[in-house]
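Enquirer: Below are the structure tokens for one structure; questions will follow.
The values are calculated or read from the model by the stated rules, or taken from the named source; none is laboratory data. Quick caveat: nothing in here was measured; it's all calculated off a predicted structure. Glycine also receives a Cβ, built like all others from the backbone with ideal geometry; neighbour counts cover every protein chain displayed. In case anyone asks, the SASA skips ligands and DNA or RNA and just uses the protein heavy atoms, side chains included. Shrake-Rupley method; radii C 1.70, N 1.55, O 1.52, S 1.80 Å.
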Amino acid sequence: MRVYYDRDADVNLIKGKKIAIIGYGSQGHAHAMNLRDSGAKEVKIALRPGSSSTAKAEGSSFEVLDGAEAAKWADVVMILSPDETQGATYREQLAPNMREGTALAFAHGLNIHFALIEPREDVDIFMIAPKGPGHTVRSEYDRGAGVPTLVAVSQDASGNTMDVALSYAAGIGGGRAGIVETTFKEE
């Protein structure tokens, strides 16, 4: 088992990316806030029209887009919406609009492992799975600590997917507690 820490990740990689967080529930809120507080300048939230989370995201000074707009704009798309909606979101909004070389990320292995989402071959696929609820991911980050986090790469189209994944994990505070390498299947 390989465990990474902040010293093993270049958080500057994620700071230079345009990051779209799909969903603004427990994990979405924590990831977005922690990434921004780690220095990521371009973090936007993607929500379905009429979402009750829109006011919350805008109240935290995030721009809210729909999924298609977010996919066109982003370098990294982190899907943090409910597992059962992710396949349709990917097929209908994300896949047709993502640029070649975009990274698509998940917090669970389910949709990739069970092929409920079959990603395009020209995108990177990684998983960042904090082992705690979003409010804990956020509160631990705020106190200068972190939550142990799993990392996995399923598809490495760019050749640097693990570097970006580790940078993202460090950006949400995972490198403070330990980032454990795994697979989508094992998660």
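Enquirer: Which of the trypsin sites (Lys or Arg not before Pro) found in segment 34-120 are loop residues per DSSP with 14 or fewer other Cβ atoms within 10 Å of their Cβ?
Expert: Passing both the DSSP loop test and the Cβ count: 41, 99.
Enquirer: Amide H to amide H under 5 Å from residue 18: which residues, 5+ apart in sequence or cross-chain, H placed 1.01 Å off N in plane?
Expert: Here the answer is 75, 76, since their amide H atoms fall under 5 Å of that of residue 18.
Enquirer: Considering only protein heavy atoms, what is the solvent-accessible area of residue 183 at a probe of 1.4 Å, reported in Å² to the nearest 10?
Expert: Counting only protein heavy atoms, the figure is 60 Å².
Enquirer: Could I ask something else about it? Enumerate the residues in segment 89-118 having an amide nitrogen under 15 Å from the point lying 7 Å beyond the Cα of residue 48 toward its Cβ.
Expert: Of the residues in segment 89-118, 89-94 have backbone N under 15 Å from the label point off residue 48.
Enquirer: Ok, one more. Please give the Cα centre distance for segment 1-77 versus segment 111-177, rounded to the nearest Å.
Expert: Computed from Cα coordinates, the inter-centre distance equals 12 Å.
Enquirer: If I model a spin label as a point 7 Å beyond the Cα along the Cα-Cβ vector, how far apart are those points for residue 84 and residue 58 in nm?
Expert: 2.9
Enquirer: For 168, 141, give me the order by solvent-accessible area with a 1.4 Å probe, most accessible first, ignoring ligands, DNA and RNA.
Expert: Final ranking, largest accessible area leading: 141, 168.
Enquirer: I need the per residue convex hull volume for the chain, using only the alpha carbons, in cubic angstrom as a whole number.
Expert: Per residue, the Cα convex hull of the chain comes to 99 Å³.
Enquirer: On to the next question. How large is the dipole of segment 92-141 about the Cα centre if only Lys and Arg carry +1 and Asp and Glu carry -1, each at its Cβ, rounded to the nearest 20 debye?
Expert: Dipole size: approximately 280 debye.
Enquirer: Would you work out which of 71, 27, 158 lies farthest towards the positive end of the dipole of the chain? Charges go on Cβ: Lys and Arg +1, Asp and Glu -1.
Expert: Of the options given, the answer is 27.
Enquirer: Still on this structure, please answer the following. Let me have the 222 nm mean residue ellipticity of the chain computed from DSSP H runs of 4+ only, each contributing -39500 (n - 2.57), with the sum over all residues rounded to the nearest 500.
Expert: Roughly -8500 deg cm²/dmol at 222 nm, from the helical runs in the chain.
Enquirer: Also, quick follow-up: Dipole of the chain (Lys/Arg Cβ +1, Asp/Glu Cβ -1, origin at the Cα centre): which of 183, 103, 82 lies farthest to the positive side?
Expert: Sorting the options by dipole projection puts first 82.
Enquirer: Can I ask one more? What distance in nm separates the two pseudo spin-label positions at residue 160 and residue 114, each 7 Å out from Cα along the beta-carbon direction?
Expert: 3.5
Enquirer: Also, quick follow-up: How big is the charge dipole of segment 1-70 about its Cα centre, in debye rounded to the nearest 20, if each Lys and Arg gets +1 on its Cβ and each Asp and Glu gets -1 on its Cβ?
Expert: Value, rounded to 20: 100 debye.
Enquirer: Shifting gears a bit: Suppose every Lys and Arg Cβ carries +1 and every Asp and Glu Cβ carries -1, with no other charges. What dipole size does segment 140-185 come out with about its Cα centre, to the nearest 20 debye?
Expert: 100
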